[in-house]
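See structure below.
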Amino acid sequence: MTAPPKPSLRAFLAIATTLLAVFGCNRSKQAAIKPMSALRPQATFHVKGNPDWMAVALDSVWVTSSAANLVSQLRAADNQTGLTIPVNKPCSGLAIGFGSLWIPGCGQGNIIRADLSTGTIQAVIPVGPADSEGGITIGAGSVWLMTDPSGILSRIDPATNSVIATITTPPGSFCPLFAEDFVWITSTENNVLTKVDPSTNKAVLQIPVGKKPRFLTFGADSIWTLNQGDGTITRISTKTNQRIADISAQLPGHGGEIAFGFGSVWATMPNKPITRIDATTSTITSQWIGAGGDSIRTGLGSVWLTDYNNGKIWRLSAQSL
């Protein structure tokens, strides 16, 4: 075989320039790592104990503090703390619907229903969460809560404040989320996402996801699961039920949370309070490290982040993140 001609110096420089441009572009696409100390919040709220679960209403954000046995209102209009609701060890999420705030309580194993306008307790439902690290969701005219670690999903009628159906899902399922006319539930024990049809009260599909999934969110026609075992985030299409991305967010560990807003997925974990993922490309665009984190929500024009260990909640501009 005839040896190819040696490249000229000009050709060599052209190749080197091209490679440099390509690799330089790749570097610029990597997530920017930033310190939390550089953030300038729009507002900082202080609450008793350790602020944890949050839910966004039309005019405020509600946050639990299990250590103080309280749920507090954070008013968006004036950035002041408003109503407080006494609850014995609030846990396992918050949900807003039917004019009420729905609060799972681990202290007595129940659900507290409180009026959003006054904070008055309207009902105490004698069914409690399967795990303190779970969730509660609203949809299809009902409230949904995992009530047994064996995998029992309870459907609650807000008209009667009673359980009207129980549905079997895989063991170790703790976090339900209503989206696109279905209830979606992660099983931390079985590494799957279960799809439940409210019209039949039956599980209709299981989709494998990352290791030890727990918290989840919906946006951009997708369910996104935060996988505590391997620190990844799995994206599942709600249109095709297919697993379409596994994002290496490096967020393993206990706790954390995930939310959707401003065209992005937002994940939090202690020591890595904010990870932002572009929903169009499924890529991490920024990651913030330092103090804070454990619960994150979007709404009312802002990103809301708890600082669990220091009793604070930050209201942040999405543009700054």
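The values are calculated or read from the model by the stated rules, or taken from the named source; none is laboratory data. All values reported here derive from a predicted model rather than from experimental measurement. Here the Cβ positions follow ideal geometry from the backbone for every residue, glycine too, while neighbour counts run over all protein chains shown.
If you take the residues in the range 262-287 that are in contact with a helix residue (DSSP H, G or I) (Cβ under 8 Å, 6 or more places away or on another chain), surrounded by fewer than 24 Cβ atoms within 10 Å (Cβ to Cβ) and at pLDDT 95 or above, which one is nearest to residue 33 (Cα to Cα)? Taking the candidates together, the pick is 283. Taken over the range 42-92, the criterion of being charged (D, E, K, R) and assigned to a loop (DSSP other than H, G, I, E, B) is satisfied by 48, 59, 78, 89. When the criteria are applied in full, residue 218 meets the requirement of being farther than 20 Å from residue 149 by Cβ and aromatic (Phe, Trp, Tyr).
Before we move on, is residue 143 more than 26 Å from residue 61 (Cβ to Cβ) and modelled with pLDDT of 95 or more? Judged against the criteria, residue 143 is not a match. Every listed requirement among (1) buried (at least 16 other Cβ atoms within 10 Å of the Cβ); (2) modelled with pLDDT of 95 or more is met by residue 294 save one, (2). Scanning the range 156-176 for residues that are crowded, with 21+ Cβ neighbours inside 10 Å and either of a type in the set (Ser, Thr, Tyr) or in contact (Cβ under 8 Å) with a residue 40 or more places away in the chain (or both) yields a total of 6. Of all residues in the range 202-221, none satisfies the criterion of being of a type in the set (Asp, Glu) and crowded, with 21+ Cβ neighbours inside 10 Å. Scanning the range 222-255 for residues that are in contact with a strand residue (DSSP E or B) (Cβ under 7 Å, 6 or more places away or on another chain), part of a loop (DSSP other than H, G, I, E, B) and crowded, with 21+ Cβ neighbours inside 10 Å turns up 228, 249, 251. When residue 317 is tested against the conditions (1) within 15 Å of the chain's Cα centre (by Cα); (2) at pLDDT 95 or above; (3) within 22 Å of residue 45 (Cβ to Cβ); (4) surrounded by fewer than 23 Cβ atoms within 10 Å (Cβ to Cβ), the lone failure is (1).
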